[in-house]
Amino acid sequence: MQTEVMEKCDLLVQNRNLIYRGFMLEDSLMQVIAATAFVDRDETTEVKAIKECRKLLRKKHSAFSYLRGNNELFISSKMALSDDPEKYLNNVTEIYEKLQRGKFIGSIFRVLSAVIICDAGKADEADAIIEKTEDLMEGMKSAHPFLTNDEDTCMAVLLAMTDKKTKDILKELESTYLEIKNDFMLYKNSAYSLCQVLTTFDGAYKKKCDRIRKLSDAFNEAGIKYGKEYELASIGLLVNIPMEPKDIVAEVVGTAEYLRTKPGFNFWYMTKQTRLMFAALIFSAVHLDDKAKAEATVTAGTLTRVIAQQVAMLVVVATSSAVAISASTNN
């Protein structure tokens with residue numbers, strides 16, 4: 001494992017530990033996600049600043065707001081990293097309300113989508129991005145009504161921020177899915193998410209799909225089962241890394257093993273597949289060379305944050321639902 005990857009891991013662990021001590025009652029995965037926000041900036045977590053931002057968030061939003069709940073620590077961390085926390089919160093709130101128009105139920109994924117737009121520095125372009133996002137969601141639902149749902153909003157926003165035209169995005173997305181779906185027969189929803197990630201990057205879709213197959217084969221040959229549920233999309237971040245698939249796999253597995261020895265990343269806090277995903281995210285953010293980054297329509301760093309945040313939220317939602325069902329059954 002290279003020094004830069006190890007340093008990123010150490011900073012992530014350090015930031016996670018600071019957040020854990022400051023917010024012990026928060027979900028363990030959301031603690032890691034909040035920590036990644038500071039790692040993206042190569043900064044050490046400032047717990048005091050997060051707590052001050054949380055006070056402001058609670059002052060402006062009720063306990064029933066989708067900007068709070070599972071999102072509260074994440075949003076507070078984002079605010080703490082901004083130059084003007086209150087302005088950042090106002091921008092996220094305004095964009096979220098625009099994404100909510102015509103919808104009766106709130107969504108943690110539309111909150112994340114609002115954050116994506118703000119973090120990209122495109123708050124002033126929000127109306128056009130949202131319009132394109134809605135067109136993309138409509139096109140995806142028309143092609144795959146059972147695969148497209150609220151969870152896809154985040155990736156639709158990322159796709160909407162590319163220079164590609166809506167019809168071209170939908171055409172490439174469909175071609176990519178038809179090319180790759182048989183490789184993940186039992187995980188069609190996850191495969192579709194993976195295709196969304198691949199479509200954000202430039203390049204021929206068949207070439208990207210072939211690269212995914214080689215990476216999947218390399219993981220299998222190494223005896224490693226890469227997650228095929230919510231984690232699967234993250235493997236898409238490895239396609240542009242200029243290394244042999246077997247070498248990429250060896251580095252990702254080594255990074256995961258390194259994380260496994262750290263507090264907050266062992267089996268008490270996350271599954272092997274989730275830890276492997278975080279390892280892939282860290283590795284991809286470090287190893288994409290300048291050429292690959294330039295070729296990517298959306299930067300790997302943005303994709304890394306979105307996938308990590310979305311996976312954590314999905315796991316938290318799934319866990320909460322399971323607890324709720326268990327409680328109702330017992331009653």
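Miscellaneous remarks
- If you filter region 57-99 down to residues that are aliphatic (A, V, I, L, M) and not in a helix (DSSP H, G or I), you find that the one that is surrounded by the most Cβ atoms within 10 Å (Cβ to Cβ) is 67.
- The C-beta contact set for region 1-26 (first residue at negative phi and without any contact (Cβ under 8 Å) to a residue 40 or more places away in the chain, second residue buried (at least 16 other Cβ atoms within 10 Å of the Cβ) and hydroxyl-bearing (Ser, Thr, Tyr), distance under 7 angstrom, 6+ apart or interchain) comprises 15/45; 18/45.
- Filter result (part of a helix (DSSP H, G or I) and buried (at least 22 other Cβ atoms within 10 Å of the Cβ)) within region 42-56: 50, 53
- Test: residue in region 235-253 that is buried (at least 23 other Cβ atoms within 10 Å of the Cβ), among the small types (Gly, Ala, Ser), closer than 24 Å to residue 202 by Cβ and in contact with a Ser or Thr (Cβ under 7 Å, 6 or more places away or on another chain): no
- Restricting 131, 94, 52, 86 to residues that are over 30 Å from residue 267 (Cα atoms) and out of contact with any helix residue (DSSP H, G or I) (no Cβ under 8 Å at 6 or more places or on another chain) narrows the list to 131.
- Test: residue in region 161-175 that is hydroxyl-bearing (Ser, Thr, Tyr), under 24 Å from residue 284 (Cβ atoms) and part of a helix (DSSP H, G or I): yes
- Within region 222-233, residues that are at negative phi reach partners that are at pLDDT 90 or above and not in a helix (DSSP H, G or I) with beta carbons closer than 6 Å, at six or more positions or on different chains, in the pairs 228/187.
- Tally of residues being among the charged types (D, E, K, R) and more than 20 Å from the chain's Cα centre (by Cα) across region 193-207: 2
- Close contacts from region 52-79, counting a first residue that is in contact (Cβ under 8 Å) with a residue 12 or more places away in the chain and a second that is part of a loop (DSSP other than H, G, I, E, B) and among the aromatic types (Phe, Trp, Tyr), with Cβ to Cβ under 6 Å and a gap of 6+ residues or different chains, come to 73/23.
- Residue, modelled with the lowest pLDDT, within region 264-286, restricted to residues that are of a type in the set (Ser, Thr, Tyr) and under 14 Å from residue 233 (Cα atoms): 284
- Which listed residue is over 23 Å from residue 109 (Cα atoms), crowded, with 16+ Cβ neighbours inside 10 Å and among the hydrophobic types (A, V, I, L, M, F, W, C), from 39, 13, 32: 13
- Positions within region 145-202 being aliphatic (A, V, I, L, M), closer than 17 Å to residue 112 by Cα and touching a Gly at 6+ places or on another chain (Cβ under 9 Å), in sequence order: 197
- Filter result for residue 219 (more than 17 Å from residue 16 (Cβ to Cβ) and free of Cβ contacts under 8 Å to residues at least 60 places away in the same chain): yes
- Residue within region 167-179 that is of a type in the set (Lys, Arg) and under 21 Å from the mean Cα position of the chain (by Cα) present: no
The values are calculated or read from the model by the stated rules, or taken from the named source; none is laboratory data. This one's a predicted model, so the numbers in the text were calculated from it and none came from an experiment. Reconstructed Cβ throughout: ideal geometry from the backbone, glycine too, with neighbour counts over all protein chains shown.
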